[in-house]
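Following: one structure in structure tokens, then a few remarks.
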Amino acid sequence: MAATATARSDTARDHRYRRDHGAWFLVLPALVPILVLSVGPLLYGIALSLTDAQSGRTQATTWTGTLNFRDLLHDTLFWDSFRIGLVWAFGVTVPQFVLALGLALLLNQNLRLRWLARALAIIPWAMPEVVVGIMWRLVYHPDAGVLNETIRDLGLGDGRDWLTGLATALPAVIVVGVWSGMPQTTVALLAGLQNTPQELHEAAALDGAGAWRRFRTVTWPALRPVALAITALQFIWNFNSFALVYVLTSGGPGGRTRLPMLFAYEEAFRYGQFGYAAAMGCVMVAVISVMLALYLVGRLKGGEPR
């Protein structure tokens, strides 16, 4: 009996060993690109931030420890760009979610040509950010842009140079960010709406609940996990934006649209301060990691309905 039990234990252990190694073999094709394209550059960036690496230097790069981070604490230009990045992220994410929710509710109705409306709604998402930026530069053009031409035709004034005005550059760029990113949020919310059981809506309607009450008691509780997830992801994506703002304003005028990513890019590739730019990147990664941690802790503590 003891020998049989031992043999069974060895067999079970052998099966677990093969299963675990088989699982790693299946995960490996996805794990290798992550290690090569994400983890590797991240570790290299952390190491670079601890040096005085610069472009075009003939002497060897030296280890400086936390000097770049100490300089960064007193760099008012970087913290100004960080503040602008937060304003941009909130300014894009909040209206993006509100408009996407309204559009998702509309597209979820039984409308004629609903398939066409859904296809048209995702067009901005399918366009590259560079193309979106060039297109909106033409819209905002001070002389021949559609926006200023419309203002003149309506007799509301002579228009203005939206992307170079100190007061209008950031709001104008935020409008473009909302327009280009809204389809992604719309698709996620629409998927959540379609997964809401129709029987709950019918039961609430039989109880005399109006449209607002049905939304508050049936639709939103079912949609809330999707809404929180897509909002968190969009905020992180918007905070890390680069291409769209770079094409539209290149961080101008006067740094009014210089997001943290743009600031780090300029330090690295315009001024050649690779180590200092890497330190900026590490700070941004740390901030995003804290945001993700807070979001995950909220979910684990039951902050979302299950």
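The values are calculated or read from the model by the stated rules, or taken from the named source; none is laboratory data. All values reported here derive from a predicted model rather than from experimental measurement. Counting neighbours? That spans all protein chains shown, and the Cβs are built from the backbone with ideal geometry, glycine included. Accessible surface is based on the protein model in full, side chains and every heavy atom, while ligands, DNA and RNA are left aside. Shrake-Rupley method; radii C 1.70, N 1.55, O 1.52, S 1.80 Å.
Here are the numbers for this structure:
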{"quantity": "Cα extents of segment 62-127 along the three principal axes, largest first (Å)", "calculated": "65, 24, 15"}
{"quantity": "Dipole magnitude of segment 197-299, debye to nearest 20 (Cβ charges: Lys/Arg +1, Asp/Glu -1, about Cα centre)", "calculated": "200"}
{"quantity": "The chain - mean residue ellipticity at 222 nm from DSSP helices (-39,500 (n - 2.57) per run, n ≥ 4, rounded to 500)", "calculated": "-22500 deg cm²/dmol"}
{"quantity": "Globularity ratio of segment 230-306, using Cα Rg and 2.2 N^0.38 Å", "calculated": "1.36"}
{"quantity": "Ordering of 134-146, 106-118 by packing [mean C-beta count within 10 Å, highest first]", "calculated": "134-146, 106-118"}
{"quantity": "Dimensionless Rg ratio for segment 91-240, taking C-alpha atoms and the 2.2 N^0.38 Å reference", "calculated": "1.27"}
{"quantity": "Whole-angstrom gap from segment 166-226 to segment 119-157, using each part's C-alpha centre", "calculated": "26"}
{"quantity": "Reciprocal of mean inverse Cα separation for segment 172-261 (Kirkwood radius, Å)", "calculated": "15.5"}
{"quantity": "Convex hull per residue volume in Å³, alpha carbons only, for segment 154-306", "calculated": "161"}
{"quantity": "Segment 210-261 - Rg and Dmax from Cα coordinates, angstrom", "calculated": "17.8, 51"}
{"quantity": "Normalised per residue, the volume of the convex hull around the Cα set of segment 111-184 (Å³)", "calculated": "122"}
{"quantity": "Solvent accessible area, Å² - Leu105, 1.4 Å probe, full protein context", "calculated": "60"}
{"quantity": "Positive dipole terminus of segment 52-144, leading residue within Thr62, Tyr140, Trp125 (C-beta point charges)", "calculated": "Trp125"}
{"quantity": "With DNA, RNA and ligands ignored, accessible area of Ser49 (1.4 Å probe; Å², nearest 10)", "calculated": "0"}
{"quantity": "Estimated FRET transfer efficiency when R0 is 51 angstrom, pair Arg270-Thr217 (beta carbons, to 0.05)", "calculated": "0.40"}
{"quantity": "Dipole magnitude (debye, nearest 20) for the chain, charges at Cβ of Lys, Arg, Asp, Glu", "calculated": "920"}
{"quantity": "Solvent accessible area, Å² - Val247, 1.4 Å probe, full protein context", "calculated": "30"}
{"quantity": "Ellipsoid semi-axes in whole angstrom, largest first, where each is sqrt(5λ) of the Cα gyration tensor of the chain", "calculated": "40, 37, 17"}
{"quantity": "Alpha carbon convex hull of segment 18-157, volume per residue in cubic angstrom", "calculated": "301"}
{"quantity": "For the chain: relative contact order, % (alpha-carbon pairs under 8 angstrom, 6 or more apart)", "calculated": "27"}
